[in-house]
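Reviewing the structure listed below.
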Amino acid sequence: MISTINNIRLTQTVKGAGCAAKLAPGDLDRALCGLDLPVDDNLLVGLEQADDAGVYKISDDLALVQTIDFFPPMVDDPYAFGQIAAANALSDIYAMGGIPKTAMNVVAFPAKTMDISILRLIIEGGLNKMREAGVVLVGGHTVEDSELKYGLSVTGFIHPDRILTKRCLLAGDCLVLTKPVGTGIISTAIKAGLAGQAIIDTVTRNMATLNRDAASIMLGFTVHACTDITGFGFLGHLAEMVVYSGCGVRIKAANVPLYPESLEWAAMGLIPAGTYNNRSFRGAFVDFDMNVSQKVQDLLFDPQTSGGLLIAVAAREADMLVAALHANGVESAAIVGEVVAEPAERIIVE
Amino acid sequence: MGIELDCRGMECPAPVLQVRNALEKDASDTITILVDNEAARQNVSRFLEYQNYRVDSERCGSDYRVAGTRGEGVGTPETAASVPVIGERQVGNKKIMVLITSVHMGHGDDSLGDMLMFNYIKTLKEMRPYLWRVMFVNSGVSFTAEGSEAVPVLQELASAGVGIFACGACLAYFHILDKIQVGQVTNMLEIVTSMQHADSVVTV
C-alpha cells in the first residue's frame, strides 16, 4: 500500500480526523432549531425527525433514500481514505434498509499544497467501494480549500413501507452491534504517530468494510430499528434511538466489541475532542455502573468513522441474527444490550 | 525545577505529545501545562494520571492550567520511576505474540497438558509489559469461549491492553462462534500480519 506521497501524511494536514471532525451535536441543534422547512406529504423521513438518511416517496412501492457524508482524512493512505469515506457515506443508506444506486463525489482539495495524484488515488478508493456496492458515479463537485475533505452524496431505493428508522425500539428487543468501536481514538493515535502498522491495517480494513452484508442479513430478521454508529459515538447514536422511541436500554459494556489497543490510548489521553462533545451533549441520558472504567466510558462516546450498524432485533431471533452475521464475515457482531420499557429514555451501562 | 509548557492553540493530540516529549527529556516531578480547550485539559490530565502524576487543574480566564506532581508524599506508586513515559507497547519496541494452538501444553498426558496450559495462561501476565497479543487457533480457541475458566484471566489481560484474538474458522469448526466471551474473532490474514509485526512469536 502507498502510505505517503511526497512524504505527505494526510492526517497531519488537517485539524480533525474523520467523523471526529463533525460539528458538535448541540451546535447543530441550535443552528437548525425552529427553522421554517418546506412541507411535502411525500417526504417520509426528513430533517424534523432527523435520521440516517432522508426518504422521499415516489410511488406506493418506491421511495428515494438520500444522504451525504464527507470529512477530513483519518488515515494517511489516500486510497484507503477514499474507500473509508465512501463506505461511511453508503452506510447511511444501508442503515435505513435501502439499496444505494447512484453517488456523487464531494471534494475539498488543497491544490496549492498537495499533489493532484493524491486526489486521483482518493477517488480511485471511493470508486472501488462504489463498484463493490453496485453504485454508479454520476458526477461530483470539487472546491479548493485549505484542508482536504472527501465524501459522497448517495441516492438509493427503498420500499416506503420497509423503512428502518431509529425510532421504533420495542421493549424486549436485543441490540446488536456489527463493528468494534474505538476508531476515533485510534485515528488520534495514528495522527500522534503512536499506532503500529498492524492496528492501522486492522482498523483501516474495518472502516473500509461496507455495511452492505450486515444490512442484507438484517433484513431477513424481525428488525424494529437500526442506525449506523458514526460521529456521535455508540452512546450518542443510542441516545437518539432512546429519545425518539421513548424506551430505555441496558447495555453490557463488556459485550461491546472494541479495539483492545484503543483502551490504552484512551487511558493516555489520546482522545478526540468529539468524544468530549458527545459526552457533554448526551451524557445526561447515561447512567454508568461503577464497574465501567473511565477508558471504556470514553470509548463508548468515541466518534466512529464508518462504524457498524446498531440493530434492534426481536429477542427470540437475536442469537440467530448474530450467528448469521458471523457466518457471513461480520465477525465482530455481538449482542450488546436490550431494550426495556423502564426506566424510559435512559441508557444504563453496566 | 518543574516543567512549564504552553500548549494553547493546539488541537488534540498535540498537547499530549508535547507533554510526553517534555517528560521523555526530563522526568520532572512537577509539570504545569497551559491549554485553551476542554478536550486538551482532559487529555493532558489523563496522560499525567497514566504516568502516575497527581493532577490538579483550574480555569484561568479562557484557558486552563493543568498541574501534575509526583514523588514523595503524593502517593506515587513505588514503581513510578521505572514506569516508561510512553505506552508500554512502544517501549524498546518489543512486542511478543503468543500463539496458543491447543488446549494441551506439550505431548504425553493430555490431562497433565490441560493443567499446564491453564497454568501457562494464568502466568502469561508476567510477560507484561511486552505481551502484545495472544492468539488462539485450533482447539485453543475454546479458552475464549463460554465455560472456560480461562475467560476471566483473559479478560483481565484484555483490560490491561493485551490483544486477545480467536480464530474465527476454528470457533466455527467447534460450533462455538456465538459462545466467545473474550477478545476478538480474527482470521488468518491478521494472524500472519501479527507474526510479521511482532518482535517475537511464542507458539505453545
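The values are calculated or read from the model by the stated rules, or taken from the named source; none is laboratory data. For clarity, every value in this text was computed on a predicted model and none was experimentally measured. Note that each Cβ is placed from the backbone with ideal geometry, even for glycine, and that neighbours are counted across all protein chains shown.
Give the residue, chosen from A:Lys149, A:Lys166, that is closer than 30 Å to B:Met10 by Cα and outside the structural domain of A:Ser306 (by TED's automatic domain parsing).
A:Lys149
Between a residue in region B:11-38 that is assigned by TED's automatic domain parsing to the domain that holds B:Gly68 and within 18 Å of B:Ala67 (Cβ to Cβ) and any residue that is part of a strand (DSSP E or B) and of a type in the set (Phe, Trp, Tyr), which pairs come within a Cβ distance under 7 Å, given they are 6 or more apart or on different chains?
Correct list of pairs: B:Val35/B:Tyr64.
In region A:255-275, what count of residues is obtained for those that are more than 7 Å from every other protein chain (Cβ to nearest Cβ) and small (Gly, Ala, Ser)?
So the answer is 3.
Would region A:173-192 turn up any residue that is among the basic types (Lys, Arg), at pLDDT 95 or above and closer than 21 Å to A:Val336 by Cβ?
Yes; the residues of region A:173-192 include at least one that is among the basic types (Lys, Arg), at pLDDT 95 or above and closer than 21 Å to A:Val336 by Cβ.
Out of all the residues in region A:166-190, which are under 23 Å from A:Glu331 (Cβ atoms) and outside any helix (DSSP H, G or I)?
A:Asp173, A:Cys174, A:Leu175, A:Val176, A:Leu177, A:Thr178, A:Lys179, A:Pro180, A:Val181, A:Gly182
State yes or no: is A:Asp52 under 17 Å from A:Phe232 (Cα atoms) and surrounded by 20 or more Cβ atoms within 10 Å (Cβ to Cβ)?
Yes.
Which of the numbered conditions does A:Gly248 fail, given that it passes all the others? Conditions: (1) under 17 Å from A:Leu169 (Cβ atoms); (2) within 8 Å of another protein chain (Cβ to nearest Cβ).
Tallying (1) under 17 Å from A:Leu169 (Cβ atoms); (2) within 8 Å of another protein chain (Cβ to nearest Cβ), A:Gly248 fails exactly one: (2).
Considering only region B:49-56, I want to know if a residue exists there that is closer than 20 Å to A:Thr275 by Cα, surrounded by 15 or more Cβ atoms within 10 Å (Cβ to Cβ) and modelled with pLDDT under 95.
Within region B:49-56, one or more residues are closer than 20 Å to A:Thr275 by Cα, surrounded by 15 or more Cβ atoms within 10 Å (Cβ to Cβ) and modelled with pLDDT under 95.
I'm trying to understand the selection: among the residues of region A:62-88, which are out of contact with any helix residue (DSSP H, G or I) (no Cβ under 6 Å at 6 or more places or on another chain) and farther than 30 Å from A:Gly246 by Cβ?
If the condition is that a residue be out of contact with any helix residue (DSSP H, G or I) (no Cβ under 6 Å at 6 or more places or on another chain) and farther than 30 Å from A:Gly246 by Cβ, then A:Leu62, A:Phe70, A:Asp77, A:Ala85 are the ones that fit.
On the basis of being assigned by TED's automatic domain parsing to the domain that holds A:Gly196, closer than 30 Å to B:Arg20 by Cα, crowded, with 21+ Cβ neighbours inside 10 Å and over 17 Å from the mean Cα position of the chain (by Cα), does A:Ser262 make the cut?
Answer is yes for this residue.
What pairs can you find where one residue is in region A:193-206 and at the interface with another protein chain (Cβ under 7 Å from one of its Cβ atoms), the other is buried (at least 20 other Cβ atoms within 10 Å of the Cβ), and their Cβ atoms are less than 6 Å apart, with a gap of 6+ or different chains?
A:Ala198/B:Ser194
Which residue pairs have Cβ atoms under 8 Å apart, sit 6 or more places apart or on different chains, and have a first residue in region A:72-83 that is farther than 11 Å from A:Lys191 by Cβ and in the same structural domain as A:Leu148 (by TED's automatic domain parsing) and a second that is buried (at least 24 other Cβ atoms within 10 Å of the Cβ) and at pLDDT below 95?
Listed pairs, sorted by first residue: A:Asp77/A:Leu10; A:Pro78/A:Leu10; A:Phe81/A:Leu10; A:Phe81/A:Pro73; A:Phe81/A:Met74; A:Phe81/A:Val75.
Among the residues that make up region B:135-148, is at least one of them modelled with pLDDT of 90 or more, within 12 Å of chain A (Cβ to nearest Cβ) and closer than 20 Å to A:Ile199 by Cβ?
Looking through region B:135-148, at least one residue is modelled with pLDDT of 90 or more, within 12 Å of chain A (Cβ to nearest Cβ) and closer than 20 Å to A:Ile199 by Cβ.
Mind checking which residues of region A:44-53 are of a type outside the set (Asp, Glu) and more than 11 Å from A:Gln66 (Cα to Cα)?
A:Leu44, A:Leu47, A:Gln49, A:Ala50
Considering (1) touching a His at 6+ places or on another chain (Cβ under 8 Å); (2) closer than 18 Å to B:Glu190 by Cβ, say which one A:Ile200 fails and leave the rest.
Failed condition: (1).
Give the residues of region A:298-324 that are within 12 Å of chain B (Cβ to nearest Cβ), surrounded by fewer than 24 Cβ atoms within 10 Å (Cβ to Cβ) and either closer than 23 Å to A:Arg167 by Cα or touching a residue at least 40 places away in the same chain (Cβ under 8 Å) (or both), sorted by residue number.
A:Ala318, A:Asp319, A:Met320, A:Val322, A:Ala324
With respect to A:Val313, determine if the residue is closer than 15 Å to A:Leu177 by Cα and among the β-branched types (Val, Ile, Thr).
So A:Val313 passes the test.
Going by what's in this entry, would A:Lys57 be described as within 14 Å of chain B (Cβ to nearest Cβ) and either at pLDDT below 80 or in a strand (DSSP E or B) (or both)?
no
Please pick out the residue among A:Arg212, A:Arg250 that is surrounded by fewer than 21 Cβ atoms within 10 Å (Cβ to Cβ), touching a residue at least 60 places away in the same chain (Cβ under 8 Å) and either under 26 Å from A:Asp69 (Cβ atoms) or of a type in the set (Ser, Thr, Tyr) (or both).
A:Arg212
Yes or no, residue by residue, for (1) among the charged types (D, E, K, R); (2) without any contact (Cβ under 8 Å) to a residue 24 or more places away in the chain:
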{"position": "B:Val98", "(1), (2)": "no, no"}
{"position": "B:Asn138", "(1), (2)": "no, no"}
{"position": "B:Thr144", "(1), (2)": "no, no"}
{"position": "B:Glu156", "(1), (2)": "yes, no"}
{"position": "B:Thr186", "(1), (2)": "no, no"}
{"position": "B:Val192", "(1), (2)": "no, yes"}
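Does region B:88-102 include one or more residues that are at pLDDT below 90, in contact with an Asp or Glu (Cβ under 6 Å, 6 or more places away or on another chain) and either farther than 20 Å from A:Gly269 by Cβ or of a type in the set (D, E, K, R) (or both)?
There is at least one residue in region B:88-102 that is at pLDDT below 90, in contact with an Asp or Glu (Cβ under 6 Å, 6 or more places away or on another chain) and either farther than 20 Å from A:Gly269 by Cβ or of a type in the set (D, E, K, R) (or both).
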